[in-house]
2 protein chains.
Amino acid sequence: MSTGSPVGSHRVVSPAGALPQAADRLDPDPEITEDEVRISVERLNLDAASYRQLHTAHGGDGEAIRAEVLAIIERRGKMHNPVTGSGGMLIGTVDAVGPRSPLGLKPGQKVATLVSLTLTPLHISDGLARWDGDSEQVPTSGHAILFGRSIAAALPDDLPEHLALAVLDVCGAPALVRRVVERRAVEHRAVERHAHATTVAVLGAAGKSGSLSLAAAKDAHAAKVLAVVRDEIEAAQLRGTGLADHIVVADATDPLDLAETVQDALGGRGADVTVVCVDVPGCEHGAILSTATGGTVVFFSMATSFPAAALGAEGLAADVEMLIGNGYVPGHAEYALHLIAANPHLKDLFIDRVGKED
Amino acid sequence: MSTGSPVGSHRVVSPAGALPQAADRLDPDPEITEDEVRISVERLNLDAASYRQLHTAHGGDGEAIRAEVLAIIERRGKMHNPVTGSGGMLIGTVDAVGPRSPLGLKPGQKVATLVSLTLTPLHISDGLARWDGDSEQVPTSGHAILFGRSIAAALPDDLPEHLALAVLDVCGAPALVRRVVERRAVEHRAVERHAHATTVAVLGAAGKSGSLSLAAAKDAHAAKVLAVVRDEIEAAQLRGTGLADHIVVADATDPLDLAETVQDALGGRGADVTVVCVDVPGCEHGAILSTATGGTVVFFSMATSFPAAALGAEGLAADVEMLIGNGYVPGHAEYALHLIAANPHLKDLFIDRVGKED
């Protein structure tokens, strides 16, 4: 058994020197190195943006969509949509574990991979014959490879699979929100500033990452948690759940209106921590203006523009810390599943969103 | 005298509800509101990307470049290049100060504006007659408006104007590096972890923001400061300056090579703080891999891709904090000028870069 690179660079066919995500092509050879894990694949979950692009490009023709997904996987050795640059995740059973794998997985375990399909070596053995191309969920057979520095989560027994997947898909958000809120408390104690209690505003609070972020803020003992949603329908979904202390409706892409609404709800001050979970462009300036001096903005939306945030804060002379939402925090999967288990209202919100059936 | 919005939204002509930076058009009316400041303009410094675009579009025809810049300013009420989305900064003399301006400026002071020209109301009165269109430096006459939440720095008497401008242009970087390094010390003391001394790696260390970041890291008592540069010429520029403890040559866009070089230089560990000042795309993954678990990456390069950073860290299972480099930190201008004054080698590096003459 050979030794691999923990980041999987030994699997890169081209271009030389690239990491697996940046690579054109990976080698999905089923033989694993000492620190790799082989997964027997049961289902792919294509990223929503990727599936939407394929659906549009082929006018909704399921057969053509299926043929293209198969062609991408065969050509690239991974499901990496070249147009959207995105992938998705997969579910399967652990098939073989290298003796030096640090992932703690055991053969037979049912797992979801938490690293993107854009960097996961993948081979399909059934020609996607069981998929009609009509949904993002792709039942299939084949194998996938995890590297030393990969992440996979064991699927819990007590949650329907599709619900667990929906939670795991955004599990980085609550873990990072907890860390940011708790760190503020540590810093305040350390420098003996006037330790006012931390307020948290979540933009896009009724969505998957948004509602988990609300629960994490509460769990981290934020003094006041504000849910910002786009309309009355979403506000009604959150009411009575206990996830937020206040619920307000505002357009996150209208900076002045958003900032005024947030400040009104928080007694005239911006939020100490603002969490951006709204997946549309143009929320940067509103989030910055809604945050108190010395506060932190955590951007989870992939629609975030780096220059808009950097130049926006400078242009507004806003002394705020701006974090790129890292999807990986140690223990993130367990924490998100714990929040769901501990909070029936949150679980109901997820069920409303993803449906009851598996 | 009327009351304005501190972020200048009362100056937006269209579209309604936009902030000045996002606006198509601003109103440069010379009459100021209670918290505004009027500047008598002496020189514009067009952003390098903007000037390059104009130069290319007009095949280097100075007359045509001048006509287009004038047309942009007249049409938009600000120098906001619609193609690049960028602006620049300006120098002038304080002409009038509203009674409620919080900026602390006095009439007659010579200042540089530190907010982008993309959000600064501007009127030109001399038709740019003194500019030949052949350089980014535009000598002119006219007036500009600063809002309540703007930033301007008084130009120091003891530095040539062009040198001061070069320093002010990147002054957010050293202030944020100092803050991040000092915060680590506070946190380590607070949680009583094994408080190993902080190591800092600066990518693109020979440039303007890079060399100031080196000086700030030293000033903040980093235990080890590593300069990463692209070639031997840049390495030679830094040698003997005392700005870095180690100087290494590596390609920041080659993730594995960069990470190995950084770890070798730092005794087998990634940096606690990695500062990205390399203005080319594709440095995100290398920066993440060069950073120790629990460390911080500060992205100052405008070429940073938000999704590449967010998905890259997740794909590498890298538990690192990623900061969007905010160009505004209180006291940033004074701090950068102080570093230059206190460090003759740093000043010489800047003079080498921007030339001796004014």
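Just need a number here: residues in the stretch B:8-35 that are under 22 Å from A:ASP251 (Cβ atoms) and within 14 Å of chain A (Cβ to nearest Cβ).
14
Quick grid of which residues meet (1) over 13 Å from A:PRO174 (Cα atoms); (2) surrounded by fewer than 24 Cβ atoms within 10 Å (Cβ to Cβ):
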position: A:THR291; (1), (2): yes, no
position: A:ALA309; (1), (2): yes, no
position: A:GLU334; (1), (2): no, yes
position: A:HIS338; (1), (2): no, yes
position: A:GLY355; (1), (2): yes, yes
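Look at A:HIS345 and say whether it is part of a helix (DSSP H, G or I) and either without any contact (Cβ under 8 Å) to a residue 24 or more places away in the chain or facing chain B (nearest Cβ under 7 Å) (or both). Steps first, please.
Numbers: part of a helix (DSSP H, G or I): yes; either without any contact (Cβ under 8 Å) to a residue 24 or more places away in the chain or facing chain B (nearest Cβ under 7 Å) (or both): no.
Here the answer is no, as A:HIS345 does not meet what is asked.
Out of (1) open to solvent by 20 Å² or more (accessible area, probe 1.4 Å); (2) in contact (Cβ under 8 Å) with a residue 40 or more places away in the chain, what's the single condition that is false for B:ALA175?
(1)
Assuming B:ARG184 fulfils every condition listed in (1) at pLDDT 95 or above; (2) within 25 Å of B:GLU334 (Cα to Cα) apart from one, which condition is it?
Going through (1) at pLDDT 95 or above; (2) within 25 Å of B:GLU334 (Cα to Cα) one by one, B:ARG184 breaks only (1).
Filter the stretch A:245-262 for residues that are within 13 Å of another protein chain (Cβ to nearest Cβ) and not aliphatic (A, V, I, L, M); which is surrounded by the most Cβ atoms within 10 Å (Cβ to Cβ)?
If we take residues in the stretch A:245-262 being within 13 Å of another protein chain (Cβ to nearest Cβ) and not aliphatic (A, V, I, L, M), then A:PRO255 is surrounded by the most Cβ atoms within 10 Å (Cβ to Cβ).
When the stretch B:197-247 is examined, which residues are found to be part of a loop (DSSP other than H, G, I, E, B) and within 21 Å of B:HIS332 (Cα to Cα)? Can you show your working first?
Step one: list which residues in the stretch B:197-247 are part of a loop (DSSP other than H, G, I, E, B), which gives B:197-198, B:204-207, B:220-223, B:230-231, B:239-245.
Correct list: B:GLY204, B:ALA205, B:ALA206, B:GLY207, B:ALA220, B:HIS221, B:ALA222, B:LEU243.
Give the stretch A:141-164 a look and list any residue that's assigned to a helix (DSSP H, G or I) and open to solvent by less than 10 Å² (accessible area, probe 1.4 Å), or say none.
A:LEU163, A:ALA164
Here's the yes/no breakdown for (1) assigned to a helix (DSSP H, G or I); (2) within 13 Å of chain A (Cβ to nearest Cβ):
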site	(1), (2)
B:ASP272	no, no
B:ASP279	no, yes
B:HIS285	yes, yes
B:ILE288	yes, yes
B:THR293	no, yes
B:ALA303	no, yes
B:PRO307	yes, yes
B:GLY312	yes, yes
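With the structure loaded, tell me whether B:THR241 is over 21 Å from the mean Cα position of the chain (by Cα), in the same structural domain as B:TYR328 (by TED's automatic domain parsing), over 30 Å from A:GLY17 (Cβ atoms) and in contact (Cβ under 8 Å) with a residue 60 or more places away in the chain or whether it fails that test.
Here the answer is yes, as B:THR241 does meet what is asked.
What tally of residues in the stretch B:1-58 results from selecting those that are part of a helix (DSSP H, G or I) and open to solvent by 60 Å² or more (accessible area, probe 1.4 Å)?
Count: 5.
Is it true that some residue in the stretch A:293-301 is open to solvent by 10 Å² or more (accessible area, probe 1.4 Å) and among the polar types (S, T, N, Q)?
Yes, the stretch A:293-301 contains a residue that is open to solvent by 10 Å² or more (accessible area, probe 1.4 Å) and among the polar types (S, T, N, Q).
The values are calculated or read from the model by the stated rules, or taken from the named source; none is laboratory data. No experiment lies behind these values; they were computed from the predicted model shown. Here the Cβ is made from the backbone with ideal geometry for all residues, glycine too, and neighbour counts use every protein chain on show. What goes into the accessible areas is simple: the full protein's heavy atoms, side chains included, and nothing from ligands, DNA or RNA. Shrake-Rupley method; radii C 1.70, N 1.55, O 1.52, S 1.80 Å.
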